[in-house]
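Quick notes on the structure that follows.
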Amino acid sequence: MRVDVNISIRKSESDPLGTRVELKNMNSFSAIKRAIEHEYHRQKDLYESGENFTQQTRGRDDANTSSYLMRSKEDALDYRYFPEPDLPPLVLDDNTLNKINNTSLEIPYEFIKKAKDEYGFHKEYINGLIGDKETLDYFISIENIDPKIKAKWICGPIAAWCKENFTSIHELKFSKEQSIKFLQIAQEGKILENQLKIIMDEMINTGKDSEDIIKEK
C-alpha cells in the first residue's frame, strides 16, 4: 500500500484552510497517523512564527520522524488539481465520528492482542479468525460465551464447512441465534463433546435447532 496525504490547517472551522502540503508514499495506517501528526505540528510552528510557505510536496522519513522538501509549487494549477464532480465533500463531524466509534467492531490488531493476552488462543484460532473479516465479526458479535468455546466451534466445524463449500459464515443453514443456543449448551458442559459434534454436524447439514436435535436423540 502506498498513500499520499494532503494536509492544511486552520485556527477554527470558520477560517479558510491554510497552505496545502502533500506528503508522499506512506505505507501503513500507523505511518499515515505519524505523518499527519508531524506535519500538523510543523505547519503550526511555521504559522505561529509568522513564516509563510508555498504549496509543496514533501517526502516522509519515518525512521527519523521528519519530512523533507521534494518540490514547491506556487499555485494549485501546477499540481493539476481539479474537483471530482461525482464525489461530494465528505464532512465528518464529532457526532458522526462518535457514532462510528461506538458501533464499530474491533480491528484485527486489537483483537490479536486480546486473543493472546486475555483469551490465551493458539495461533490456529487467531489466524482462523483474523483471516476472514466476516468470521471475526461473527465471533465478536456473540457475547456471554467463553471465547475458547466460541473459537473451538467457529474455527472448527463451522469454518471447515465454509471452506469446503467456498462460502461465508453468513451462508450457514442455521441462524446466529441458533448458533448461540448451541454454544450455550456446549458451555453448560452437560453433553459430551462427541455428542456435541454430532449435533453441530446435523445443524450444519439441515439447519435444525440444537434443542430440537437433542429431543430427537
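The values are calculated or read from the model by the stated rules, or taken from the named source; none is laboratory data. Being a predicted model, the structure only gives us computed values, none of them experimental. Here the Cβ positions follow ideal geometry from the backbone for every residue, glycine too, while neighbour counts run over all protein chains shown.
A count restricted to region 1-24 and to residues that are under 26 Å from the mean Cα position of the chain (by Cα) and surrounded by 14 or more Cβ atoms within 10 Å (Cβ to Cβ) stands at 6.
Yes or no, residue by residue, for (1) more than 17 Å from Asp146 (Cα to Cα); (2) aromatic (Phe, Trp, Tyr); (3) part of a helix (DSSP H, G or I); (4) modelled with pLDDT of 95 or more:
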residue: Leu183; (1), (2), (3), (4): no, no, yes, yes
residue: Asn194; (1), (2), (3), (4): yes, no, yes, no
residue: Lys208; (1), (2), (3), (4): yes, no, no, no
residue: Glu211; (1), (2), (3), (4): yes, no, yes, no
residue: Ile214; (1), (2), (3), (4): yes, no, yes, no
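Which of the residues that make up region 140-189 are of a type in the set (Lys, Arg) and buried (at least 18 other Cβ atoms within 10 Å of the Cβ)? Lys150 - this is the single residue of region 140-189 that is of a type in the set (Lys, Arg) and buried (at least 18 other Cβ atoms within 10 Å of the Cβ). Residue check: Ala160 meets all listed conditions (1) more than 30 Å from Ser30 (Cα to Cα); (2) not in a helix (DSSP H, G or I) but one, namely (2). Of note, Ile145 satisfies the criterion of being part of a loop (DSSP other than H, G, I, E, B) and closer than 24 Å to Ile112 by Cβ.
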